Every structure is written in structure tokens, then in C-alpha cells.
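Written below as C-alpha cells is the structure these notes are about.
What follows is calculated from the coordinates using simple rules that are stated; it is not laboratory data. Since the structure is predicted, the reported quantities are computational estimates derived from the model, not experimental observations. Neighbour counts run over all protein chains shown; Cβ positions are idealised from the backbone, glycine included.
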Amino acid sequence: MATLELININKKFGDFTAVNDINLRVEEGEFVTLLGPSGCGKSTLLNMTAGLEDVTSGEIHINGEKVNHLGPFERDVAMVFQNYALYPHMTVEENIGFSLRLRKRPKNEIQDKVRKVAEMLELDKFMHRLPRELSGGQQQRVAIGRAVIREPSIFLFDEPFSNLDAALRLKTRGEIKELHQRLGVTSIFVTHDQEEALSLSDRIAVLRLGQLEQFGTPEDVYSRPASKYVARFIGTPQMDIFAGSFVNADGLHFQIGEAGIPLPVSFKIPDTAVDVGIRAEFVTLGSKGFDSAIRLVQPVGPFTYVTVDWQGGCVTARVNGVSHMKPKETIKVEIDPEGLLFFDRITEKRMDLQ
Amino acid sequence: MPIIQRFLTRFFIRFGLITFMLLALGPVIWAVVTSLLPLSSLTSHPIDLNPANVTVENYILVFASSRGLVSGLINSLIIATFTSAVGLVIGSMAAYALARLNMPNSSRILMMILATQMFPGIVIVIPLFLVMSRTGLVDTHFGLIIVYLSFILPIVIWILKGFFESVPMELERAAAVDGASPFQTFRYIVLPISLPPLFATGVFAFIEAWNEFFFAIILTRIHVKTASIAIAEFSGQYQTLYGQMLASAVLASIPVVALAIIFRRFILEGFVEGAIKA
């Protein structure tokens, strides 16, 4: 177990800045996800942490010690790669035991350890198979086994689920979380899937164009996003954002088109122009509010997402269960003021006004 | 309809394969048949293919004559072995560097390597002969090996570069994370998975060097005559000893065919390897 600290990390490829001045501190045993779309620098950051790529400037500390000059092995990190990177000419047993063989550990010790790890990952029946004779999920577990056997102080995961189908992805996600609970090893996980990040992490670092946009708990990034970008990136369905203004007539309202949403008395009115973000769970469809036409009905099992035309844009509501609403029908839309998130229109940062 | 279609597809595939086989194997079969017949049968009109005439006389004469097929085979073996071995060592290093290291101008280097292949041999052979005779390399093993390397290396480099590029970068990174030094990564990861394409390319280089005739006849005189020249010498000013010539040709083909059979699995794997990315 170890702490990891990234201090003013920069990475340039020629003129292109892949990682721009990132500061991050990961506590002992914490599970941290680097989240962002492709090209945001998350994998580059992970590779630099692993020692597979040099930093252009900045310092990487593991357990308080600077490790910039150390190779991946001396940093005592283990990594699971996106395409698993299993050695194709070695059996499962040899793949898992490779790092121990390199260190010239005694044969019995290697065998014991490999067997334990294989049993833990339910690979003991496939010990003598080659990677190409395994299913995607099994290959994934071999890759994890190869990392686990090292007993490293930090685990690094580079989008390890991206080659798995949806069902297997969910299962493996659970397995990784269990593994982390059992071993308690500090882990850094890279993904572009916000749901994965929310479900696995103690804290999430949201990256945008090589910069750290927000670093916080899953609850923070979901309920108190630092910016419009984070707000739209996190959560399904995507948050709807509207321009509007404050109107003080008959009590304070936030006016979006013709709809005025009442605000509490304690509300602090800012000096700058604001946009408002609305999550689906704060939109109610029914008999109160403003008439709107239904545009799209998307059942997802426990909920149905219903998108309606509303004040020149679209807003999506989350309805419990399977809804029998039909497109083109008219329904009334009510917004719960509790759920409104306000963003500065210029800086796009969230403003705490309630 | 599908039945007719399937039938037609099969028919054309088989027709194509049989035609190709006849074209490829015809001369070989003819060479074997000819080598087993006495000269009198071959020169009669029409050719007398009576199996009763079959004889190994030609093979005995080849070994008994002083025309030097045996020394030719030895020379060819030396030259082809060194050419393919040195070609593989240098070529694999160059290919690995071109595929993996971020070198400036690597694509230009590759084009230049390819460009050396674009001159017909006849264009360079005279200046090459002058250079070699001034440096005393005419009629030496070393001289011929260098010349062969000059046209085999580019092909080796291009084939192996394609393979090395198809090896996922993460494999080497994974080995580094597992604690392997660059040499250990090469020894335990890159080398074992590269064996099939290395064998395939090596056999290819060997065959090229073994069969080469044009440069060999100009750049050798007495000491380093290769097998292909020894065979050609059965065609004299006054008569051509077809039987002995083709018996020599059959004998000279044996090592190459044996090599191809021994490494068949590797060669097939090697040529398929580049096509499917892991």
C-alpha cells in the first residue's frame, strides 16, 4: 500500500500539450479513477505514473519519495493493459509467474503463489492453456493475476474493460471492486465510462484537454459538479442545460423562456449571466406546469427516460417503471427547484447560490 | 441456385489450383524424368520415354566428372548460409529499430532501402565488377556474400518491419512493468514470438542466395563457383549433356526442398502472422 502524489505534472508531445499542470494526491488504499473522453490525457498520465513514459516537467512521488528517475519495476507498480498484453507464447501459469521467474524465486514458491492467485481468480482449471485458447473474460483475469502476484504497492488499470461485452463488463467490474476491498491496494483506474467511474471509485479525477477539471468523491462530481463540462459528462441521461434569467415578480423566479421556476427567499442572485442545469430526476411529468410535446420515450427497465420539447430546447424526465406515454402526446412539465445547478455562462463554473 | 453456385465456386478454385500446380510442378517433373533417362533416349525423335530405359547413370557421371558440382554445392551452402544468417541478424536489428524506435526520417530511410531494389542487376554489374576486382573480392566467398546481402537485406528488413509493427507495444511495456530489462524483454518475449517470421525470412533469403546465377557467373571464376554455375557448365560449346545437367539440378534442389519441408510450419505461420493483428 502506498500514497501517490503527482505534482505539477506536464507532458508535451512536440507542440501538443497532452497533460497540463496536474496536481493529484492519492491516499493509501484509495481507489481513484481518471475519467475523461479519449484524448484528455488520462492514459498518458497513467503511463507516466507507471514509468512507461517520461514527464516533461513535474514530480511523481510514491510514499513520499520522488520516483521520476525509476523504471516501472522499481516503482513497485503493476499494470493491467487495455488489450491485456498477455504473452502469447506462454501458458496461463507462465504468464502469471513471469515476474517471479525474472526475479529468480525458487520454483516451489512460484508454483504456490501462482496457484493461490489462479484459485482466487478462478483460473486454476486453465493453467496450461495459451492466452488465445481463453475467452475474453478469462484473459482479463490472467492480466489481473499477473498484476496481483507481484503484490505491488499500486495497481494501475488502463481501460481494462473496453474489450469485454456489456454483461461481462458488469461482472468484471464487481470482481475488481471486490479485489480492491480484499487487498486494499492503492489503485488508479483509467476509463471514459462515467458509470464505471461512479461505481468503482473512492474519488474521481475528471480530466479535460489535459487539465484536471474536478477531483472529488462520486457524490461530489454527480451532485456538485465543478463545471458544466463535469455536469454533462457525469450522469445518465446527460444533464440538460438552459439559458435563463432571474425575475423578481410575485416572488423570485428563474425564468427559462415562458417558464418561471420559483426560488427560495434565501437565494443569492449573482451579478453575472447564468445557465441552469437540470437532471432528469428533478423533472416531473404530470398535471402541473407547462404544456409540452413528448419527443422521445426510452424505457431502460426500472425507469423510462421521456424527452419533451420544452422552452425552445429539450428536457428529459426520469419516470419510474415502464411508461406508456407516446411521442407527440402533450404533457405538463414541472421542475423541482431543489435540483437546479447554476453555472456562470462565461467561465462555465458552477455557482453555489442556494 | 446456391448448389450450382457452390459447384461453380469449387470448380473454379480447383481448376485454378490444378493449373497452377501443373505450371509450377511441370518443369520439376520434367527435370526429374530427364535426369533419369540416357542421352540417347532424349535425343531421339520423338523422345523415348520407355520406362525400361530408366537409369541412374547421369547421377553417377555427375559425381565422377570433374565439373565440380560437389564443390559448387559446398560453395553455395557456405554462401547461402552466411547470407541468410548475417542477413537475419542485421536485418532484424534494422527492422526492429525502424518499427519501434522513434527515429527521425525513418520513412525516408525505408524508401531509400526500397529504392536500391529498383535498379536491374545488369545496370550495376559492370561497375560492381570493377569495384570488386580492385578490392580483390572477385572470386571470393566474402565478395559474393556482400553482394547478395545488398539485395536480400532490403527484403528482409521490409518483411520483418511489418511483423514487428504488428506486435502490440503493450507486450513490451507489460514485460517492463513485470521487471524485465530490455535484453530480457527481447530474449523472453520478442524473440520467441518472432521465431516463425524469422525462420520464414531466413529460408527465403537462403533460397534467394542459393538460386542466384547472374552475379555469381560474373563475379566468380574458379574457386567460388556456385552450384547454379556448375549446373550451367554442362551446356558446352559442342554439346549439352541434358541428362547430367538436370541430374545436377535435381541434386541442387534437394537442400532447398528439405529446408522448406523442415520449416514448413514456421514458414506458413510466418506469412500468416503479419496478416492478423493480435
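What the table below lists for this structure:
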{"read-out": "Among A:Leu170, A:Ile110, A:Phe215 the positive-end extreme of the charge dipole of the stretch A:4-233 (Cβ point charges)", "value": "A:Ile110"}
{"read-out": "Student exercise, the stretch A:240-351 dipole from Lys, Arg, Asp, Glu Cβ charges, in Debye to nearest 20", "value": "280"}
{"read-out": "Diffusion coefficient, µm² s⁻¹, Stokes-Einstein with Kirkwood Rh over alpha-carbon pairs of the stretch B:63-273 at 25 °C and 0.890 mPa s", "value": "129"}
{"read-out": "Value of [θ]222 nm, deg cm²/dmol, for chain B, DSSP H segments ≥ 4, -39500 (n - 2.57) each, nearest 500", "value": "-24000 deg cm²/dmol"}
{"read-out": "q = 0.10, 0.15, 0.20 Å⁻¹, the stretch A:240-351: log10 I(q)/I(0) [Debye, one scatterer per Cα]", "value": "-0.30, -0.65, -1.05"}
{"read-out": "Computed E for B:Ser150/B:Arg221 - FRET, C-beta separation, R0 35 angstrom, nearest 0.05", "value": "0.95"}
{"read-out": "Principal-axis tilt of helix B:69-100 within chain B, Cα atoms, nearest 10 degrees", "value": "20"}
{"read-out": "Coordinate range along principal axes, alpha carbons of the stretch A:4-233, Å, largest first", "value": "52, 40, 32"}
{"read-out": "Neighbouring partner chain Cβ atoms per residue of A:63-73, average, 10 Å criterion", "value": "2"}
{"read-out": "Pair A:Ile346, B:Asp139: separation of 7 Å Cα→Cβ label points (nm)", "value": "9.2"}
{"read-out": "Shielding of A:84-92 by partner chains, average beta-carbon count, 10 Å", "value": "5"}
{"read-out": "Chain A: relative contact order in percent, alpha carbon pairs under 8 Å with at least 6 residues between", "value": "16"}
{"read-out": "At R0 = 25 Å, FRET efficiency that the Cβ-Cβ distance of A:Ile269 and A:Ser223 yields, to 0.05", "value": "0.65"}
{"read-out": "Quotient of C-alpha Rg and 2.2 N^0.38 Å, computed over the protein assembly as shown", "value": "1.42"}
{"read-out": "Cross-link pairs A:Lys12/A:Lys104; A:Lys328/A:Lys349; A:Lys11/A:Lys171; A:Lys11/A:Lys66 - those with Cα-Cα distance over 28 Å", "value": "A:Lys12/A:Lys104; A:Lys328/A:Lys349; A:Lys11/A:Lys171"}
{"read-out": "Residue (of A:Phe303, A:Thr330, A:Leu263) at the positive-pole extreme of the protein assembly as shown, dipole from beta-carbon charges", "value": "A:Phe303"}
{"read-out": "Cα-based helix-to-principal-axis angle, B:242-262 vs chain B, degrees rounded to 10", "value": "30"}
{"read-out": "Least to most buried among A:Cys314, A:Cys40 (fewest other Cβ within 10 Å first)", "value": "A:Cys314, A:Cys40"}
{"read-out": "Computed over chain B: relative contact order in percent, which uses C-alpha pairs under 8 Å that are six or more apart", "value": "31"}
{"read-out": "Computed label-point distance, nm, for sites B:Thr43 and A:Leu209 using a 7 Å Cα→Cβ extension", "value": "8.9"}
{"read-out": "Ranking of A:Phe189, A:Phe13, B:Phe163 by count of other Cβ atoms within 10 Å, fewest first", "value": "A:Phe13, B:Phe163, A:Phe189"}
{"read-out": "Cα-based helix-to-principal-axis angle, A:92-102 vs chain A, degrees rounded to 10", "value": "70"}
{"read-out": "Relative contact order [Cα under 8 Å, 6+ residues apart], the stretch B:131-278, whole percent", "value": "34"}
{"read-out": "Peptide ranges B:38-46, A:254-262 listed from the most packed, as the mean C-beta count within 10 angstrom indicates", "value": "A:254-262, B:38-46"}
{"read-out": "Share antiparallel - DSSP beta bridges, chain A, percent rounded to 5", "value": "75"}
{"read-out": "Computed E for B:Arg187/B:Val33 - FRET, C-beta separation, R0 41 angstrom, nearest 0.05", "value": "0.25"}
{"read-out": "Cα centroid separation, the stretch A:153-215 to the stretch B:35-106 (Å)", "value": "60"}
